[in-house]
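*Asks:* Here it is: the structure, laid out below.
The values are calculated or read from the model by the stated rules, or taken from the named source; none is laboratory data. Remember, it's a predicted structure, so these values are computed and weren't measured experimentally. Cβ placement follows ideal geometry from the backbone for every residue including glycine, while neighbour counts extend to all protein chains displayed. The protein model used for the area step is the full one, side chains on, heavy atoms only, and it has no ligands, DNA or RNA in it. Shrake-Rupley method; radii C 1.70, N 1.55, O 1.52, S 1.80 Å.
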Amino acid sequence: MIGVRSREFALVLAIGLFWGLNWPAVKTILGEVPPWTLRAIGLGTGAILLALVARAYGERLSVSPGEVIKLSLAGLFSIFGFNLLAAFGQLHTATSTATIVAFTMPMWAALLSVYFLNDRITAIRLAALALGLAGLAVLLFDDFAGIVARPIGVVYMLGAAVSWALGTVLLKRFAWTIGTLSRATWMVGLSALPMIAGAFLFEDPLALSVPSTLVLWVFAYHIVFPMVICHAAWVSLVGRLPASVAAIGTLLIPVVGVYSSALLLGEPISWLKSSALILVLSSIGLTFLKTPGPRDTA
């Protein structure tokens, strides 16, 4: 197993706590702000703050046209695709269910890295896949009638998980000439542009009422912590560790997300849902046991 130094451990804890709490936060915001507008404001403001932080740390923001294409591809899947699909997914299913489905991501990342990073198919990868699929099956069984009657929420969340996985693998595949904060700035900023266009095309954000005080405070948390701190931390983790190992940074997120949703939103957590969460967490954990290869030490 690859050791995790104190810096990486701190990043993992920050990601787990702040992104975990972001699930009930987004559900709260969606009660008053539609999904395209939510993501346009969150990503747009987040990109501006990330740029300021990057400049404060002395990182350059200028990149070549070729690198902009790479940043666009990585951001398209890991940030734009995930954030948009996850927002719509939360509109159509319980936040706890959405969280568990979303964090099958490491399972898909391990599979995609076989093609994109030339990683090997191992018994551990197959076991992780089996556990992840078992978790989805248990989740389906927990609310079979409801999911069959309205499957769109789970479909959105599966799409979000695969999109995030592909973006993570591409982030690891490409070589970069700019620093972590600059990469996060570009990826978030490039993802914000189609979100802004979609908001004006589908929702007319200028006609929306000013959100309540509670939602404004939750929105501030959403921008500062998940959008800025977590995106910077995630890009840093992927840059420091193999894609499948960096996925361990997601281990705490579904735990915090599921149980904070129960606490803050009053969502019931059945023993079957808890079992599905344990299976998905076990799947994530197995991806962390991958034996390092030549690409892992880069």
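*Asks:* Return the single residue from Phe202, Phe103, Phe18 with maximal mean-square fluctuation; model: Gaussian network over the chain, springs between Cα atoms under 10 Å.
*Replies:* Phe202
*Asks:* Just to make sure I understand: if all protein chains stay in place, what is the order of Trp271, Trp36 by accessible area at 1.4 Å, largest first?
*Replies:* The ordering from most to least exposed comes out as Trp271, Trp36.
*Asks:* Given Leu193, Trp176, Ser270, which one lies farthest toward the positive end of the charge dipole of segment 130-281, if we put +1 on the Cβ of every Lys and Arg and -1 on the Cβ of every Asp and Glu?
*Replies:* Of the listed residues, the answer is Trp176.
*Asks:* So, one more: Could you sort 218-228, 153-163 so that the peptide with the highest average Cβ count within 10 Å comes first and the rest follow in order?
*Replies:* The packing order, highest mean first, is 153-163, 218-228.
*Asks:* Only Cα pairs within less than 10 Å get springs; with that Gaussian network setup on the chain, which residue of Ala123, Ala74, Ala197 has the largest fluctuation?
*Replies:* It is Ala123.
*Asks:* If the only charges are +1 at each Lys and Arg Cβ and -1 at each Asp and Glu Cβ, what is the size of the charge dipole of the chain around the Cα centre, to the nearest 20 debye?
*Replies:* For this selection, approximately 800 debye.
*Asks:* Further question on the same structure: Under a point-charge model restricted to the Cβ atoms of Lys and Arg (+1) and Asp and Glu (-1), what is the dipole moment magnitude of segment 57-154 relative to its Cα centre, in debye to the nearest 20?
*Replies:* Charge dipole, segment 57-154, about its Cα centre: 160 debye, nearest 20.
*Asks:* Once you have the Cα-Cα distance between Ala175 and Leu263, take 0.36 nm times their residue separation minus that, and quote the gain in nm to one decimal.
*Replies:* Length difference between fully extended and current span is 27.5 nm.
*Asks:* Once you have all Cα-Cα distances for segment 80-211, histogram them in 5 Å bins from zero and send the whole-percent values.
*Replies:* Pair shares across the bins are 2, 10, 15, 17, 18, 15, 12, 8, 3, 1, 0.
*Asks:* Can you tell me, using C-alpha contacts under 8 Å and at least 6 residues apart, the relative contact order of the chain as a whole percent?
*Replies:* 41 percent
*Asks:* Still on this structure, please answer the following. Expressed as a whole percentage, what fraction of the accessible surface of segment 140-279 belongs to carbon and sulfur atoms when a 1.4 Å probe is rolled over the protein heavy atoms?
*Replies:* 74 percent
*Asks:* Still on this model: Could you state the accessible area per residue of the chain in Å², with a 1.4 Å probe and every protein chain left in place?
*Replies:* 43 Å²
*Asks:* Also, I was wondering about something else. Going by accessible area, probe 1.4 Å, with all protein chains left in place, what is the ranking of Glu67, Glu32, largest first?
*Replies:* Glu32, Glu67
*Asks:* Determine the gain in length on full extension of the stretch Val148-Ala134; use 0.36 nm per residue of separation and subtract their C-alpha separation, reporting nm with one decimal.
*Replies:* Extra length from Val148 to Ala134 when fully extended: 3.3 nm.
*Asks:* List the DSSP H helices in the chain whose Cα atoms stretch 27 Å or more along the helix axis and whose mean Kyte-Doolittle hydropathy is at least -0.5.
*Replies:* Taking the DSSP H segments of the chain (at least 27 Å long, mean hydropathy at least -0.5), we get 6-30, 35-56, 123-142, 152-173, 180-202.
*Asks:* When the distances between all Cα atoms of segment 1-125 are binned every 10 Å from zero, what whole-number percent does each bin get?
*Replies:* 10, 29, 38, 22, 2
*Asks:* Per DSSP H run of n ≥ 4, the term is -39500 (n - 2.57); total these for the chain, divide by its residue number, and report the mean residue ellipticity at 222 nm rounded to 500 deg cm²/dmol.
*Replies:* Helices in the chain give a 222 nm mean residue ellipticity of -23500 deg cm²/dmol.
*Asks:* Based on the Cβ-Cβ distance of Glu59 and Tyr115, what FRET efficiency does E = 1/(1 + (r/R0)^6) give at R0 = 30 Å, to the nearest 0.05?
*Replies:* It comes to 0.45.
*Asks:* Something else about it: Can you give the longest run of the chain that contains no trypsin sites (Lys or Arg not before Pro) sitting in a DSSP loop with at most 13 other Cβ atoms inside 10 Å?
*Replies:* With a cap of 13 other Cβ atoms within 10 Å, the longest stretch comes to 121-298.
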